[in-house]
Structure formats: C-alpha cells, structure tokens
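Below you'll find the structure, written out as structure tokens, and then a few comments.
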Amino acid sequence: MAATSQATQPQQPESEPQPKNTQKTFWTDNEGDTKLETLAALNDCSQGALLRNLIDDAFTDQFDDLDPTHIEQGHVSVEDLQALANDEITVEELDLEADSDTSIGEYEPDSYYLTVTPDDLAEPGPELDWKTLRDAVKNPEDGGYWSDDLEIHESRVSEDTLKASHRPAARILTGLARSQAYENGIVPRETIDDLVDTYCLHLTNRVADAEQERGEEHIRETYTNIVTDLLYENPSPSADSYYCSKDTLRTRLQTELDTAQSVAERADTVTNFDAWKSTDVDEDDDTNELREEWKRDLARWLTDIARAKHTGRMYAMELQRGNYEVDHADENMTAFDAVHARLDDALEAVDDLPADVTADVISRLDDAFVAVITNE
C-alpha cells in the first residue's frame, strides 16, 4: 500500500505556527501502513503530524543544539552530521561560516533501507531476514557488528530464518544466547541447547524417520559446539555454563585468583581441629557438633582449592595469565603458576589428617572437585 500526499496544498490548522510548504511522498508495505495508521490513531492526529513529530524528536535526539538553518544553508556536511551523532565533535566545534563539500542536498544514500544497528538488534522489534542478520554478524572490517557485546533479541529471529551456513548461523545463535544471559553475564548450557532446538533443527535434510533423528542429533552437536566455542567456558569444574565475553570471564578469573591466595593461607588452620577450634568457636559447644562443623568447613575449603586449581589449569595460557599479578619471588613464574604452587603446598596439609576424616570429607565433595584435587 502506498502512503502518499495529495497534489494540492493542504489547509493548515490555526494551531500549527509553521506553514507546510514541502510535500513528501513515500511508499511502504501493508504492515508499515497499518503501524502508521495505528500510531496516528493512538495520538489522535493525522499521519503527517505524527511523522513530523517523530522527525523533530529524532533530530533533537541526534543533534540537540544544532540549528537546522545551518544545514539548509549548506554549512554542515554529511560527515559533520555523522560525527555529531557519534559524539566525536560538538556543535561549537563546527565551522558554520564555511560552505561544506558534501551537503545533505547532494548526498546519495548507499541503500534505500534503514541500516540495522547493534542497539536495534538487542531490542524487541520486527523479525529480520537472513541477509540482514547475516550481514549484521560479519566482522567490523567487513561492515558487520560482530563482537563479544553483540546481542540479538529473540523477536528479531524467526524459528525458520537460519540457513545452513555455520559461521553466521552460530553467531546469530550466540547473539540470541547473550540476550538471555543472567545479569552476571553467564549463559547456562540448557539455554544454548534450547536455542539450537528452536532455530536449527529445520536445517537437517534427512527425510526418513530413522534418518531424521540422526540428522537432528548431528545438527545439535554441530551448532552447539560452534556456539560454545564463541563463548567462554565457566571455570568452575561443576558448572555447565558459559560467559558471554572475555572481559566478564577475566573479572571472574581475577576474583578466583584473589580468593585462591586467601584460601591457601588457611591450610594450617583449617586442617587442624584444635587450631580451627581456637579461631572463633565457643569452647562450651558440644565436641561432636564442633567436629561436624569442622568437617563441613574443611569440605568447603577443599572445594575452594579445587575451583582455584581448575581455573588456573584451564585458562593460564588462553587468557594471558601474565597479566594477573601477585607477589612471588621467581620472576619467571606467572601469577597462576605462583598460586598453583601455593595451592599444592596447602594440599600437603591434608596428608596429615586422620584417614577417617579424609574419607569423610572427600565423600562430601562433588565428583568434579574430587577429580581436580586428585588430578584425575
């Protein structure tokens, strides 16, 4: 459907101070026409009045103090406008006396379609086609927006939009996963599995029932592996989740590094019942209850030791471990190397525990933590 203006000049209501002496005509589709009519009805105004208001709001949002007269007179170039919109310059820094080389009147757009932005992708909106999404997740040097921060809202992707093209499809899935991450930037593996089932199972070309099941399992395995490779595995040995970005993971690693040092320093106290009891315990408490509480604390301590060892083991090389600085004598050691040495020294104190206590405490740990401690 076309949204057009009449050839005759419309009468201007007395409430509008500026004469409307420029006529614009544009085309839209049925859905766009319905949206325009709906918004006009909601605001109880004509479609033209609605569009004028939206234009005023958008201009103020992008350029704020810039007087449109300077643009009309050809003193502001398209490059100036782009720099203003990107906060690279201010209106005060513009030379509003000189004529611009590329005025908006001479500007020819590269596309007749409004380019989608990362903010657009992250917000609810109409579904985007495969080409738009594919181009959006290209590398920046290729005109795309791909980065650790790119999110894609689920409303932007139809369940049958993705094509059997591994890299762009996996990047789109990763953007969907990031948009559903927890506040700490972690995506559960279950979320990734659900996304693959929702958006990728139609990609199998198996026809027979037996082959269809095998094809779907192949799709699940293929796309799940690609998506998890684009995220960052949670360093906890018992967690089945992923961080959205390297920055959030590095923050977690630094926290683990700091925690590991304090955990290692507790070795002599936490592995000795009498020393542990003298730290902050009421001497009148029942001895059996005290020993039970001590074992629980000892199990928590061993869990912290295992988590710290696992963190260093997995990411020492990948995340430039030399950037994590701690005090140590050997300059050839990295921060994680130094912490590992302290953790190993701390674990030696466990060898002095009675065998029954060691067995009891180990039984309280998850298998994943036991494997880390015993290097299995």
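The residue that is nearest to residue 349 (Cα to Cα), counting only those in the stretch 237-280 that are outside any helix (DSSP H, G or I) and more than 25 Å from the chain's Cα centre (by Cα), is 271. If you check 174, 222 for being at pLDDT below 95 and hydroxyl-bearing (Ser, Thr, Tyr), only one passes: 222. Consider the stretch 83-97 and keep the residues that are assigned to a loop (DSSP other than H, G, I, E, B) and over 15 Å from residue 67 (Cα atoms). The one that is farthest from the chain's Cα centre (by Cα) is 89.
When restricted to residues that are over 17 Å from the mean Cα position of the chain (by Cα) and closer than 20 Å to residue 129 by Cα, the stretch 158-202 contains 17. For the stretch 113-143, a tally of residues being at pLDDT 90 or above and small (Gly, Ala, Ser) returns 2. Among the residues making up the stretch 219-245, those that are of a type in the set (Val, Ile, Thr) and either closer than 13 Å to residue 368 by Cβ or touching a His at 6+ places or on another chain (Cβ under 8 Å) (or both) are 222, 226.
The residues of the stretch 219-228 that are surrounded by fewer than 19 Cβ atoms within 10 Å (Cβ to Cβ) and not aliphatic (A, V, I, L, M), listed by number, are 220, 221, 222, 225, 228.
When we screen 358, 303, 311 for residues that are at pLDDT 75 or above, part of a helix (DSSP H, G or I), within 29 Å of residue 242 (Cα to Cα) and of a type in the set (S, T, N, Q), the only hit is 303.
What do you reckon, is residue 46 among the hydroxyl-bearing types (Ser, Thr, Tyr), more than 30 Å from residue 152 (Cβ to Cβ), loosely packed, with under 15 Cβ neighbours inside 10 Å and touching a helix residue (DSSP H, G or I) at 6+ places or on another chain (Cβ under 9 Å)? The answer is yes for residue 46.
Residue 57 falls short on exactly one of the conditions (1) more than 19 Å from residue 108 (Cα to Cα); (2) part of a loop (DSSP other than H, G, I, E, B), and that condition is (2). Say whether the condition of being among the small types (Gly, Ala, Ser) and in the same structural domain as residue 143 (by TED's automatic domain parsing) is met by at least one residue in the stretch 111-122. Yes: the stretch 111-122 contains one or more residues that are among the small types (Gly, Ala, Ser) and in the same structural domain as residue 143 (by TED's automatic domain parsing). Of the candidates 231, 253, the single residue that is surrounded by 19 or more Cβ atoms within 10 Å (Cβ to Cβ) and within 30 Å of residue 165 (Cα to Cα) is 231. Would you call residue 152 among the β-branched types (Val, Ile, Thr), within 19 Å of residue 132 (Cβ to Cβ), free of Cβ contacts under 8 Å to residues at least 40 places away in the same chain and not assigned by TED's automatic domain parsing to the domain that holds residue 308? Answer is yes for this residue. Can we say residue 224 is within 17 Å of residue 186 (Cα to Cα), touching a residue at least 12 places away in the same chain (Cβ under 8 Å) and β-branched (Val, Ile, Thr)? Spelling it out, residue 224 is indeed within 17 Å of residue 186 (Cα to Cα), touching a residue at least 12 places away in the same chain (Cβ under 8 Å) and β-branched (Val, Ile, Thr).
Scanning the stretch 206-258 for residues that are touching a Phe, Trp or Tyr at 6+ places or on another chain (Cβ under 7 Å) and over 20 Å from residue 177 (Cα atoms) yields 237, 238, 253, 254, 257.
The values are calculated or read from the model by the stated rules, or taken from the named source; none is laboratory data. None of the values given here were measured: they were computed from a predicted structure. Note: ideal-geometry Cβ built from the backbone for every residue, glycine included; neighbour counts use all protein chains shown.
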